[in-house]
Structures are given as C-alpha cells and as structure tokens.
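Read-outs: derived from the displayed coordinates by stated rules, not from any lab. The structure displayed is predicted, hence computed values, not measured ones. Here Cβ is always computed from backbone atoms with ideal geometry, including for glycine, and neighbour counts include all displayed protein chains.
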C-alpha cells in the first residue's frame, strides 16, 4: 500500500541545476571565463560551489587564491537567489502530481543533496513551499547518495507524526539519477525514475518504472508499484 512519496529535488521537482550553472557562469565571466553547458554537466555536475570554482580555476588556469574562491562562491549564492526569484524552474507535472497525492492523504517528503536555503528559494514562487511534510537536505546527513542515509532519515521524520509507522515498502521514491535510485533501493523503497537529467538506459536497471515526465504518472500507477 502506498503511504508516502519521497521526491529528489534537483531534476525532479525543479530544474535548479540550470540556475546554479547560470549563476556560476555569470561569476566566471567576470574573470573572462565561460564554461559551456555540456562541459558543466559532464565534469562539474554535483560539485559544491567551492569545489566547482576550484576545479574550473584549475582547468581554465585562473590561478584563483582561496579567498577569491570564497568570494566568488558568495557572489554566486547571491546571483542564484536573484535568479530563483525571477525565473520559474518548477518542472512540468510536479504541481499536478503533488496535488493528487495530497488529495489521497499520501505523506510527502523531499530528500535532496541541495542546500535547504536553495530549495526554499526555488519553492518560494510556487504553491509547493508548504506542500511537503518533511524536508531532508545536505545539511541533515553525513553521507550523500548513493548512501541510503537521507531516505531513511526522511522516513524516520515522517514517522514522527504517525501512530502507525510507515514501512519502507510503503514508500515510492521519485529520482532522476542512478545514485539516487541506488540510495532508495538500499533503503528498501520502491523507485520511479524520470528522464529529466539522464537517459532511460542509465536508469532502468535500478528503477521499477521509467517516465519522461511526471505528467505520465497517476495515483493508480504509484499504488500498483507498492502492491
């Protein structure tokens, strides 16, 4: 029986990665460097801001000092906040699916490697800011995906408000990466992959279903996965 749905954030709820890339590149351009989108996705996706700036500094021979790296990270954070306020990045089908889940009294959580402040900035311009019962972010865990710590913590937090504990097999996780799917599998949860970031062939071996958009999913689909 389906009792909870846990969503990754980047690439599932919002296309926040593109805004991160855009903000970083605006900072790099002040130093005469422009990183092509395909290079960012291939080499730097998943890095923290500091790691990203350090790697680009090395790869593009910018020779940045540690203080310059920290300064650029602060500038990027401010630019990201501005972009998050100005640009809608919520992906198609998200708000509709969340509405259906809430109408069926399914508990909702986010489990993401992003920072809490970034997630809240992205959700502030939508109707989703207060839609989730639990929000687990990078600040809440010691080990990121593919370790299951984040998903297990999300379930633990959901169960703090449950008289009858939700079991892992009663949870559906929606992910866009094989790392996230591996984390959900290790947590004993059911898995749906959405091809917003990676192609189906890179996801299908770890997912019980692969979709190109959340618009494809119905409540019956999610219930059937948990049977």
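Assign one of three labels to the stretch 16-86, namely rounded, prolate or oblate, based on the Cα gyration tensor with a ≥ b ≥ c the square roots of its eigenvalues; rounded applies when a/c is under 1.5, prolate when it is not and a/b is larger than b/c, and oblate otherwise.
On the way: a/c = 1.67, a/b = 1.21, b/c = 1.38.
Oblate is the answer for the stretch 16-86, as a/c is 1.5 or above yet b/c matches or exceeds a/b.
In terms of the Cα gyration tensor, with a ≥ b ≥ c the square roots of its eigenvalues, is the stretch 1-56 rounded because a/c is under 1.5, prolate because a/b exceeds b/c, or oblate?
Taking the square roots of the gyration eigenvalues as a ≥ b ≥ c, the stretch 1-56 is prolate.
Counting only helical runs of four or more DSSP H residues, what would the 222 nm mean residue ellipticity of the chain come to if each run contributes -39,500 (n - 2.57) and the total is spread over all its residues?
When only DSSP H runs of four or more count, the value is -12500 deg cm²/dmol.
In which sequence would 163, 96, 177 go, from the one with the fewest C-beta neighbours within 10 Å to the one with the most?
The most exposed by this proxy come first: 163, 96, 177.
For the chain, take the longest principal axis of its alpha carbons; what is the angle in degrees between that and the long axis of helix 66-86, to the nearest 10 within 0 to 90?
Result, in degrees: 50.
Could you compute the FRET efficiency for residue 55 and residue 140, with r as their C-beta to C-beta distance and R0 at 25 Å, rounded to 0.05?
In this case the efficiency is close to 0.45.
Give the angle, between 0 and 90 degrees and rounded to the nearest 10, that separates the Cα long axis of helix 16-29 from the longest principal axis of the Cα atoms of the chain.
Roughly 0 degrees, rounded to the nearest 10.
If you build a Gaussian network model of the chain, linking Cα atoms that sit under 10 Å apart, which residue out of 76, 161, 100 swings the most?
161
Kirkwood Rh and Cα-based Rg: tell me the resulting Rg over Rh for the stretch 35-170, rounded to two decimals.
Result for the stretch 35-170 is an Rg/Rh of 1.04.
Per residue and in Å³, how big is the convex hull formed by the alpha-carbon atoms of the chain?
Cα convex hull per residue, to the nearest whole number: 117 Å³.
Can you pull the semi-axes for the stretch 126-227, root of five times each eigenvalue of the Cα gyration tensor, sorted largest first, whole Å?
Rounded to whole Å, the semi-axes are 21, 17, 15.
Relative to the longest principal Cα axis of the chain, at what angle does helix 94-103 sit, 0 to 90 degrees, rounded to 10?
With rounding to tens, the tilt is 30 degrees.
For each of 41, 179, count neighbouring Cβ atoms within 10 Å of the residue's Cβ, then give the residues from fewest to most.
Fewest-to-most ranking of 41, 179: 41, 179.
For a quick protection proxy, order the peptides 27-38, 5-16 by their average other-Cβ count within 10 Å, most packed first. All intermediate terms of the calculation are to be shown ahead of the outcome.
Values: 27-38: 13.2, 5-16: 24.8.
Packing proxy ranking, top to bottom: 5-16, 27-38.
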